[in-house]
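Working notes, structure below.
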C-alpha cells in the first residue's frame, strides 16, 4: 500500500510519514497541489492521498478538483487534512471528489479511525 | 519527537520571516491578496502544527492571529496601520515563544498574563470588522479563546504525542541547501573516490600519474567551490529584517522613511552574514535616526517628505560590498572636525589640513560619536568604531561618504568566505607565518646597503620613512621572542606593510614565500591565549603555519592607530615649512640614534682619555680647564668602555654650556661619535604633544637632547 502526503509544512509531512511508516504504509511527499499533480502524472499509483488545504501555488481544493477532472489516480482515496479555519473548504472539497477529511491536530488514533472509514486497516 | 520539534521551530521561524517581509510590503500594497495569503499561511501553519506538540500558549496566540488574518483574507477587514502594528506585535509574540521553546524546550508558564493583552488587542482589531452572517463561520466566531471542544482535542493530542522534550537544533544551526547543489556535491565526491581508486592502483612513475594529479586538482577545486556555494546565503535573508526595523524606527523618530533594496540575491557565507548583521543594523539605524531629516525639514530643503534608505549588495573583485545609503542631511564635516578636536582625536592644525574624505573617516575612531544628542535609538553605546571593529574582525573594511544636504553612504566590504583566505606566507626566525592578503598593503625590500639608514629611531619606536610617511616597524621575530636569525638592520630585510584596525605598520620578516590560498583551522585554546594568531593552516609543502592576527600584533607591538601616527607626521611635515632654521650638532649617543644639540650650546669637542675620567658619588666627572664638569652619559658609553677595559681609548666629550637655575654651568656630554653640523628646524608643536623635542636636520628626524632643547638654549641666551 502506498500513500502520497501533500503538505507545505515539512513538519506535517514528517509527522504523517512517521505515523504511516508504523502502519507499514510506504509514502511519497509533495509540497503543494501542483507538485502532487506532477507526481501523479508520472503515473505513480497511490492508494491514498493525504491532502492539506491551505498551500501556496495550488491549494488542496484546486488540487482535488484538477486530479479528479484529469482522472489521475481514479482509484485513489483523497483525505483532506485541514484545520477548522479551512472548514468552509471542506464541503467544497467533498463535493469535488475528496473522500474524507481529517482535522488538525490529529492523533494517531484519529488518523487510523478515518483511514478505517475509507477501508484501510493497519497491517 | 526531538527532530520533529526542531523541524517545527525552523519551519515556523522561516514562516515568520516571510510574514515580516510580507507585512511591510502589505503596508505599501494593501490590496495584494497574495501577501495576505502568505501571511495567513505562516500563522496558519504554526497553528496547525503546534497542536501536535502540545504548545498551548503558542496555539492560543496563533489561533487568535489566524482568526484575525482570516477576516482580512476574506475581505472583512481593511489594511490599516493599526492592523499592521497589531500583526507585527503578533509576530513578535510568536517569535518570543518560539525562542523560549528553542532555548528551554518549553513555552514558559507566565503565558496567560503575558499574552492576554496581545490576544485582547488582536480580538479587538477583529471586532471592528463588520460582523459577517456567514453561516459556516459561525462555529468559532467570534470568541477565539479557550473553547471547550478545543481543550478536549488538545488534551487528546497531548496524551498521544509525548510532550516535546528540549529542542536541540535551531534555525541558526540548520541550513537549507538547494538540492541541486547537494547533488553536485555528491557527484563530485563520487569523482573524488574514483580518482582516489585510480591513484591507489597507480604509482608516481606511472604514465597517467600527472593526468590523475590534474584531475584530483580540478575535482577538489570544484568540490570546494560547491561546498562554499552551499554555505552561501543570499544577503536578502539579512535585508528581510530591515523593513520592519526601519518602519518602527521611523515611527519613533517621527521620520517618514522608505527602504529599498538591490542585490538581495548576492551570496555571502553564512557565518559572515551573521558577523555583519550587527554592524549593518547599526548602520541602518544611524541612517534613519541621524541621516534622514524630519519631514518638514526635508520639504523646506526641497526634498520629498519621505526619505529613502537604500541597501545595496554586489560583488566587487572577490569581495562583497554592502552599502547603506540615505538621502538625508549628510554629515557636517565641520561638526565632525570640531568634535574630533574637542575629543583630542586630532589637533586643530591637523584638522584644518584634512581632506573631506579623511575627515569623514574620523567618525570610525574610538571615542567619537556623531549623535549631537544621545538618542535612545542610535545612542546605544555602539559607536561607529565598533562597526568598524566588527567588520574588520572578519577581514572586511568600512568607509563612509557623505555630501551635505544630499546624503550619506556607508560602505562595508567583506570577503566571500572565512574558511579559505588568500594569504602571503612569510618566514621569520625559521618559522612560517601566514599574513592575510586583505590586510597586506604592499611589500618593500630594504637592501643591505640601505638597511642601516632606512630605520630611524625615535625613543623606543623604530620608524621607516616610506615615501615621506613615517611607518612604525615591528620585528616579527623579536616580538615573538624567536631569536634573531637573519633579520638585522645590518642585512637587507623585507617589510610587509600591513593595515588593520586603523593601524598601519611595517612587519619585518626574513623572507617572503609564495602567496597561497590557505584553509583556516581554528586554534587550540592554548595557542589562542597567546592572542597574536587568528588560526593555523597547513601549507602546500605540508608545513604548519600560524596565521597572524594583524590588529592584535599591532596592539602588542605598541603601534598606535594610524590617525595618531599620521598626526605626528603631519605635524612634523607641517612644521618643516614654518620653523626657523637653527644650526644643530648631530651626534650618536646611543647606537644608530641621531641626537642633536643646538650648535650654540656646544663650546668645544674634546677627546679625553678614559683614564682621565674620575668618579665621585656615582657620577662621572672631568677636570677641564680648572673646572669640574659633571659628565652626562645617557648612552652608558663609559660603562661599556670600562667593561671592555679599553683604558687607552679616547672618549669624545662635548663641552656644553648649560643654563640651569643657579646660573650658567658647563657640563660634558659623552657621545659615541659626532656626525654632522647642519641647519635644521625645531619641531616645537611635536614637543608639547609628546614631551619629546624633535628637529628635522637634513630631512632626517633627530631627537634633541632633552637637557639642551631649544627652550634651554633660549633661557641660556637670556642669562648671557
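The values are calculated or read from the model by the stated rules, or taken from the named source; none is laboratory data. Here the structure is a predicted model, which is why all the values come from computation and not from measurement. Glycine also receives a Cβ, built like all others from the backbone with ideal geometry; neighbour counts cover every protein chain displayed.
Among residues that are part of a helix (DSSP H, G or I) and outside the structural domain of residue B:327 (by TED's automatic domain parsing), residue B:224 is included. The number of residues in the stretch B:514-546 being closer than 17 Å to residue B:475 by Cα and in a strand (DSSP E or B) comes to 2. Would you call residue A:88 in contact with a helix residue (DSSP H, G or I) (Cβ under 8 Å, 6 or more places away or on another chain), in a helix (DSSP H, G or I), free of Cβ contacts under 8 Å to residues at least 24 places away in the same chain and more than 22 Å from residue A:120 (Cα to Cα)? So residue A:88 fits the description; yes. Being farther than 15 Å from residue B:399 by Cβ, crowded, with 18+ Cβ neighbours inside 10 Å and either assigned by TED's automatic domain parsing to the domain that holds residue B:275 or at pLDDT below 80 (or both) is a property that residue B:369 lacks.
Applying the criterion of at least 2 residues that are at pLDDT below 75 and either surrounded by fewer than 17 Cβ atoms within 10 Å (Cβ to Cβ) or not assigned by TED's automatic domain parsing to the domain that holds residue B:595 (or both) to the strands (runs of 3 or more DSSP E) found wholly in the stretch B:403-493 leaves B:455-458. Which residues, taken from the stretch A:7-23, are within 14 Å of chain B (Cβ to nearest Cβ) and touching a strand residue (DSSP E or B) at 6+ places or on another chain (Cβ under 6 Å)? A:7, A:13, A:16, A:17, listed by residue number. Can you confirm whether residue A:114 is free of Cβ contacts under 8 Å to residues at least 40 places away in the same chain, more than 10 Å from chain B (Cβ to nearest Cβ) and buried (at least 19 other Cβ atoms within 10 Å of the Cβ)? So residue A:114 fits the description; yes. Across the stretch B:6-42, the number of residues qualifying as under 20 Å from residue A:14 (Cα atoms), surrounded by 24 or more Cβ atoms within 10 Å (Cβ to Cβ) and within 39 Å of the chain's Cα centre (by Cα) comes to 3. Within the stretch B:2-33, the set of residues being modelled with pLDDT under 80 and within 11 Å of chain A (Cβ to nearest Cβ) comprises B:3, B:4.
Scan the stretch B:76-98 and give yes if some residue there is within 14 Å of another protein chain (Cβ to nearest Cβ), in a helix (DSSP H, G or I) and surrounded by fewer than 23 Cβ atoms within 10 Å (Cβ to Cβ), otherwise no. No, the stretch B:76-98 has no match at all. Checked against the criteria, residue B:54 counts as in contact (Cβ under 8 Å) with a residue 24 or more places away in the chain, surrounded by fewer than 23 Cβ atoms within 10 Å (Cβ to Cβ) and within 21 Å of residue A:15 (Cα to Cα). Restricted to the stretch B:596-645, and to residues there that are in contact with a strand residue (DSSP E or B) (Cβ under 9 Å, 6 or more places away or on another chain) and in a helix (DSSP H, G or I), the residue that is nearest to residue B:681 (Cα to Cα) is B:599. Return yes or no: is residue B:200 more than 30 Å from residue B:293 (Cβ to Cβ) and outside the structural domain of residue B:299 (by TED's automatic domain parsing)? It is true that residue B:200 is more than 30 Å from residue B:293 (Cβ to Cβ) and outside the structural domain of residue B:299 (by TED's automatic domain parsing).
How many of the residues in the stretch B:34-49 are at the interface with another protein chain (Cβ under 8 Å from one of its Cβ atoms) and more than 15 Å from residue A:52 (Cβ to Cβ)? Of the residues in that region, 1 qualify. Being more than 12 Å from the chain's Cα centre (by Cα) and under 20 Å from residue A:11 (Cβ atoms) is a property that holds for residue A:84.
Report, by residue number, each residue of the stretch A:24-57 that is surrounded by 16 or more Cβ atoms within 10 Å (Cβ to Cβ), part of a loop (DSSP other than H, G, I, E, B) and either out of contact with any strand residue (DSSP E or B) (no Cβ under 9 Å at 6 or more places or on another chain) or within 14 Å of chain B (Cβ to nearest Cβ) (or both). Within the stretch A:24-57, A:31, A:32, A:53, A:54, A:55 qualify. Taken together, the criteria place residue B:40 among residues that are part of a helix (DSSP H, G or I) and at pLDDT 85 or above.
With respect to (1) away from chain B (no Cβ under 14 Å); (2) in contact with a strand residue (DSSP E or B) (Cβ under 8 Å, 6 or more places away or on another chain); (3) more than 17 Å from residue A:8 (Cβ to Cβ); (4) not in a helix (DSSP H, G or I), the lone exception for residue A:79 is condition (3). Scanning the stretch A:94-109 for residues that are part of a loop (DSSP other than H, G, I, E, B) and facing chain B (nearest Cβ under 7 Å) turns up A:104, A:105, A:107.
Only one entry in B:346, B:374, B:299 is more than 27 Å from residue B:414 (Cα to Cα), out of contact with any strand residue (DSSP E or B) (no Cβ under 7 Å at 6 or more places or on another chain) and modelled with pLDDT of 80 or more, namely B:299. For beta carbons closer than 7 Å, sequence separation of 6+ or different chains, a first residue in the stretch B:622-635 that is assigned by TED's automatic domain parsing to the domain that holds residue B:652 and a second that is surrounded by 20 or more Cβ atoms within 10 Å (Cβ to Cβ) and in a loop (DSSP other than H, G, I, E, B), the qualifying pairs are B:622/B:613; B:631/B:613; B:634/B:589; B:635/B:589.
In this structure, does residue B:6 turn out to be within 18 Å of residue A:83 (Cα to Cα), assigned to a helix (DSSP H, G or I) and in contact (Cβ under 8 Å) with a residue 60 or more places away in the chain? So residue B:6 does not fit the description; no.
If you check B:285, B:251 for being assigned by TED's automatic domain parsing to the domain that holds residue B:401 and surrounded by fewer than 17 Cβ atoms within 10 Å (Cβ to Cβ), only one passes: B:251.
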